Amino acid sequence: MLPCTSVIELPYLDMLIELFIAGEDTEGVSPDHTYTPCEIEDGHIGEHANQVGNGESGRASLWVLWTEAVFRFELLPWCEAPSPDRTDVCVLYAGHRLGHSWAVRDPLRDLLEDAARDDMTEQDRE
């Protein structure tokens, strides 16, 4: 399954404040990285969603949910549904629609990760 292609630009200060309130780590949050893609399967109905927190606050993480007109931040628990082979768990929020994260694949992201791994392997050989 492919990921949704919706992207939102979040106001940097709003994101920083919400992360702080939720007890999430704000280190590494940059005003240059405010574009946020939807992590839900393509073709979903309802709000788009992206995890903006790192989940270190326990069994939940800060998510941004949005439609064409509005966005909101919400602390949501993890789904944690196991993959069929039990080697992975879903890292979307509990109650999400459609496929679990372990079933959603982004071909471009996979290509970039493979290229980065190849570069690191080549550097290790040198």
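The values are calculated or read from the model by the stated rules, or taken from the named source; none is laboratory data. Every value quoted in this text rests on a predicted model; they were computed, and no experiment measured them. Glycine gets a Cβ as well: all are built from the backbone with ideal geometry, and neighbour counts include every protein chain shown.
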**Message:** Against the definition (at pLDDT 90 or above and either loosely packed, with under 13 Cβ neighbours inside 10 Å or more than 19 Å from Leu10 (Cα to Cα) (or both)), how does Pro77 come out, yes or no?
**Reply:** yes
**Item:** Residues within region 32-53 that are of a type outside the set (D, E, K, R), part of a loop (DSSP other than H, G, I, E, B) and at pLDDT 85 or above, tallied
**Value:** 8
**Message:** Checking the conditions here, which among Leu98, Leu75, Leu19, Leu62 is more than 23 Å from Met1 (Cα to Cα), touching a residue at least 40 places away in the same chain (Cβ under 8 Å), of a type outside the set (Ser, Thr, Tyr) and not in a strand (DSSP E or B)?
**Reply:** Leu19
**Message:** Testing Val89 on (1) surrounded by 13 or more Cβ atoms within 10 Å (Cβ to Cβ); (2) over 20 Å from Cys4 (Cα atoms); (3) free of Cβ contacts under 8 Å to residues at least 24 places away in the same chain, one condition comes back false. Which one is that?
**Reply:** (2)
**Request:** Output the number of residues of region 1-16 satisfying the condition of being part of a helix (DSSP H, G or I) and either of a type in the set (Phe, Trp, Tyr) or under 17 Å from the mean Cα position of the chain (by Cα) (or both).
**Result:** 3
**Request:** Can you work out which of the residues in region 20-41 that are surrounded by 11 or more Cβ atoms within 10 Å (Cβ to Cβ) and out of contact with any strand residue (DSSP E or B) (no Cβ under 6 Å at 6 or more places or on another chain) is nearest to Cys90 (Cα to Cα)?
**Result:** Glu41
**Number of positions in region 1-10 that are surrounded by 12 or more Cβ atoms within 10 Å (Cβ to Cβ) and either at pLDDT 90 or above or within 15 Å of Phe71 (Cβ to Cβ) (or both)** = 5
